[in-house]
Amino acid sequence: MPSPLSLGVLISGSGTNLQAIIDAIERDELTAALRVVISNRPDAYGLMRARHHGLPAVVIPHKDFSSRQAFEAKLIKTLHDYQVELVVLAGFMRLLSPFFIRTFPQRIVNIHPALLPAFPGIHAQRQAVERGVRIAGATVHFVDEETDHGPIIMQAAVPVYPDDTEESLGARILTQEHRIYPQAIQLFAEGRLEVRGGRVIVHNEIRSQTATLRSPESV
Ligand code: GRF
């Protein structure tokens, strides 16, 4: 049996994606070990989720550091101390500098609540509603030095309805986030992801010539 992939999850808030990862590990759907959860905010509810499952939960308040580099040096040291192999950003609300990103080349993943490259940045769900797209979704991607930009690992699409709000669409997207984040990490754990020319090759992926999401469904 290969040893499980060692994860470090970075959060700033509620941590529902963290919870989905914990649950997938506990259900044996994700061959990984969650070594440490780190929050830059002491009040992040995700810390409680981690502790509830007996996982190390560390607070590294960015405000305690005089520079971004000093804050990131502490993050890096903590991730190394826990021998983390894959850094998982799950609602972590700090931008990471090239200094941090180059420390873990193609070993940082993020989830964004939009079908990238559409709607990067904050309030992606609101951007989708205001633009009137009929299909929105979530993206898991490797992190590179541009925000919400790196090679795309997995996406899931959801319909958007005319009476949707940022909140109602956000909830629909979040349900899919909780499905695809553990699945994308599992592909990494299985060694099935290869980055080539800014794109991700998923080895042995299932293909379909007919799978489709149309929205509106009937006209
Ligand atoms: C999610 O919408 C995720 O896509 C974005 O931040 C939010 C985190 O939510 N990056 P949670 O803390 O996992 O509940």
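Computed quantities for the displayed model
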item	result
Index of the failed condition, residue 25 passing every other in (1) in a loop (DSSP other than H, G, I, E, B); (2) touching a strand residue (DSSP E or B) at 6+ places or on another chain (Cβ under 6 Å)	(1)
Any hit, region 44-54, residues being within 27 Å of residue 200 (Cα to Cα) and surrounded by fewer than 22 Cβ atoms within 10 Å (Cβ to Cβ)	no
Test set (1) open to solvent by 40 Å² or more (accessible area, probe 1.4 Å); (2) out of contact with any Pro (no Cβ under 8 Å at 6 or more places or on another chain) - residue 101 fails condition number	(1)
Qualifying residue in region 110-120 (condition: within 12 Å of the ligand (Cβ to nearest atom), touching an Asp or Glu at 6+ places or on another chain (Cβ under 7 Å) and farther than 24 Å from residue 25 by Cα)	yes
Residues that are assigned to a loop (DSSP other than H, G, I, E, B), within 16 Å of the ligand (Cβ to nearest atom) and open to solvent by 20 Å² or more (accessible area, probe 1.4 Å), drawn from region 150-202	165
Count of residues meeting criterion [polar (S, T, N, Q), within 14 Å of the ligand (Cβ to nearest atom) and surrounded by fewer than 21 Cβ atoms within 10 Å (Cβ to Cβ)] in region 2-17	3
Criterion (within 12 Å of the ligand (Cβ to nearest atom) and not assigned by TED's automatic domain parsing to the domain that holds residue 149) met by exactly one of 73, 20, 32	20
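The values are calculated or read from the model by the stated rules, or taken from the named source; none is laboratory data. None of these values were measured; they are calculated from a predicted model. Cβ: placed from backbone, ideal geometry, glycine included. Neighbour counts: every protein chain shown. Ligands, DNA and RNA are excluded from the accessible area calculation, which covers all protein heavy atoms including side chains. Shrake-Rupley method; radii C 1.70, N 1.55, O 1.52, S 1.80 Å.
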